[in-house]
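Structure first, commentary second.
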There are 2 protein chains.
Amino acid sequence: MDLLKERILRDGRMKEGNVLKVDSFLNHQMDIKLLNEIGKEFKRRFSDEKITKILTIEASGIGIAAIAAQHFDFVPVVFAKKTKSKNLDGELLTSQVRSFTKGIVSDIQVEKKFLTPEDNVLIIDDFLAKGQALMGLIDIVKQSGATLAGCGIVIEKGFQDGGATLREDDIRVESLVIIEEMENGTIQFRE
Amino acid sequence: MDLLKERILRDGRMKEGNVLKVDSFLNHQMDIKLLNEIGKEFKRRFSDEKITKILTIEASGIGIAAIAAQHFDFVPVVFAKKTKSKNLDGELLTSQVRSFTKGIVSDIQVEKKFLTPEDNVLIIDDFLAKGQALMGLIDIVKQSGATLAGCGIVIEKGFQDGGATLREDDIRVESLVIIEEMENGTIQFRE
């Protein structure tokens with residue numbers, strides 16, 4: 001997706017520890033026009049699937065998933081929660097996720113009633129690196145008995161092993177851009 | 001907003017302690033068509049303002065704000081973060097917020113560069129009860145030097161004092177529905 005590559009090269013910022021900051025357009029401030037193009041591209045890639053529900057995880061996946069859902073016949077979006085609030089009172093599906101940017105392990109949870117065996121689920125998230133969040137979401141889809149159509153990722157760090165591991169497990173992962181290498185202040189995309 | 005009232009009466013669930021659960025369509029699972037109608041209604045109410053940025057807070061405000069932004073000429077959406085991650089490295093605007101559902105006080109933060117004195121900001125959130133989150137967001141807008149156009153709220157609990165306090169302070173608050181009373185399993189809306 002050239003538009004996205006150009007935007008990453010223009011506005012992304014690299015930091016120590018293979019961190020790519022895209023907070024000016026994707027996950028702190030959100031460029032809604034860009035999100036619309038991202039949603040269209042997810043639809044193009046998953047046009048062979050009849051998606052009935054989009055699953056994502058708070059917080060940065062939510063805006064991307066909500067805008068994308070408009071291109072999938074306005075299917076409902078469910079977002080997994082990272083903290084247990086008093087408001088989560090139904091039967092829960094939970095999975096454990098390690099966050100490398102935040103340095104913690106936490107439970108993520110989805111109320112069971114929002115994912116049913118009749119659902120064909122598209123998982124959407126902003127980043128794929130080691131794949132922890134995605135594996136947690138996939139685990140929750142499996143627990144629900146729903147079918148997993150695949151995962152739509154905005155930016156995959158191809159030099160980390162999450163994407164490869166998931167594809168070896170026959171999970172369909174569609175990443176709009178894959179970064180092959182981030183070194184010396186330059187970004188190489190995978191062709 | 002009749003569509004929203006009907007949906008609350010049909011799918012909302014009341015719980016002890018004046019809790020109204022709308023997680024099947026607003027803040028865990030999101031009905032994207034409904035969110036679009038909500039966005040249109042915010043635009044209708046703030047059509048006299050030239051909004052340049054929408055500010056919300058993770059997590060449940062994000063989907064609502066992202067969809068609403070499409071009706072405000074696709075202005076950028078910024079969401080305040082509740083946890084401090086390694087990824088927040090710029091100069092921050094912070095404010096303290098007490099969450100009654102989660103029982104904790106926490107800092108919320110926005111990178112300073114995303115709100116400028118040239119901005120005319122619309123704050124959007126799902127609920128207004130005691131107004132803590134909203135007051136934190138308003139504080140952040142004030143610190144940034146931006147102009148606050150007002151606050152667009154999906155559901156206000158009129159029997160709690162947040163809305164009244166804010167309006168006394170001359171903050172423009174537009175709530176799409178205001179609940180006057182929730183008692184004995186019935187909901188009374190303010191006309």
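Here is how the numbers come out for the structure above:
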| read-out | value |
| --- | --- |
| Every pair of residues 6+ apart whose Cβ atoms lie under 8 Å, when the first sits in segment B:111-127 and is of a type in the set (Lys, Arg) while the second is part of a strand (DSSP E or B) | B:Lys112/B:Leu92; B:Lys112/B:Leu93 |
| Close pairs from segment B:12-29: first within 10 Å of chain A (Cβ to nearest Cβ) and closer than 13 Å to B:Ile187 by Cα, partner of a type in the set (Lys, Arg) and part of a loop (DSSP other than H, G, I, E, B), Cβ under 9 Å, at least 6 apart | B:Lys15/A:Lys86; B:Val19/A:Lys86 |
| Scope segment B:140-168; condition more than 12 Å from the chain's Cα centre (by Cα) and in a strand (DSSP E or B); matching residues | B:Thr147, B:Leu148, B:Ala149, B:Lys157 |
| So A:Gln96, is it assigned to a loop (DSSP other than H, G, I, E, B), polar (S, T, N, Q) and over 20 Å from A:Lys43 (Cα atoms) | no |
| Subset tally (residues that are within 12 Å of chain A (Cβ to nearest Cβ) and in contact with a helix residue (DSSP H, G or I) (Cβ under 9 Å, 6 or more places away or on another chain)) for segment B:94-107 | 2 |
| Of all residues making up segment A:136-157, the number that are in contact with a Leu (Cβ under 9 Å, 6 or more places away or on another chain) and without any contact (Cβ under 8 Å) to a residue 40 or more places away in the chain | 7 |
| Condition broken by B:Glu41, with the remaining ones in (1) more than 11 Å from every other protein chain (Cβ to nearest Cβ); (2) assigned to a helix (DSSP H, G or I); (3) crowded, with 22+ Cβ neighbours inside 10 Å satisfied | (3) |
| Those residues of segment A:57-74 which are within 21 Å of A:Ser144 (Cβ to Cβ), surrounded by 23 or more Cβ atoms within 10 Å (Cβ to Cβ) and facing chain B (nearest Cβ under 8 Å), in sequence order | A:Ile62, A:Ala65, A:Ala66, A:Ala69 |
| Single unsatisfied condition, B:Ile51 versus (1) in a loop (DSSP other than H, G, I, E, B); (2) within 12 Å of chain A (Cβ to nearest Cβ); (3) over 20 Å from A:Lys84 (Cα atoms); (4) among the β-branched types (Val, Ile, Thr) | (2) |
| Exclusive hit being of a type outside the set (Phe, Trp, Tyr) and not in a helix (DSSP H, G or I), set B:Leu3, B:Leu35, B:Leu20, B:Leu9 | B:Leu20 |
| Residue within segment B:108-118 that is facing chain A (nearest Cβ under 10 Å), assigned to a loop (DSSP other than H, G, I, E, B) and surrounded by 16 or more Cβ atoms within 10 Å (Cβ to Cβ) present | yes |
| Single condition A:Ala133 does not satisfy, out of (1) out of contact with any helix residue (DSSP H, G or I) (no Cβ under 7 Å at 6 or more places or on another chain); (2) more than 10 Å from chain B (Cβ to nearest Cβ); (3) in contact (Cβ under 8 Å) with a residue 24 or more places away in the chain; (4) in a loop (DSSP other than H, G, I, E, B) | (4) |
| Test: residue in segment A:143-166 that is of a type in the set (D, E, K, R) and within 19 Å of A:Glu49 (Cβ to Cβ) | no |
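Residue by residue, here is whether (1) of a type in the set (Lys, Arg); (2) at pLDDT below 95 holds:
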residue: B:Leu9; (1), (2): no, no
residue: B:Arg13; (1), (2): yes, yes
residue: B:Gly17; (1), (2): no, yes
residue: B:Lys33; (1), (2): yes, no
residue: B:Asn36; (1), (2): no, no
residue: B:Phe42; (1), (2): no, no
residue: B:Arg45; (1), (2): yes, no
residue: B:Thr52; (1), (2): no, no
residue: B:Leu55; (1), (2): no, no
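The values are calculated or read from the model by the stated rules, or taken from the named source; none is laboratory data. Here the structure is a predicted model, which is why all the values come from computation and not from measurement. When we count neighbours, we look across all protein chains shown, and the Cβ atoms used for this are built from the backbone with ideal geometry, even at glycine.
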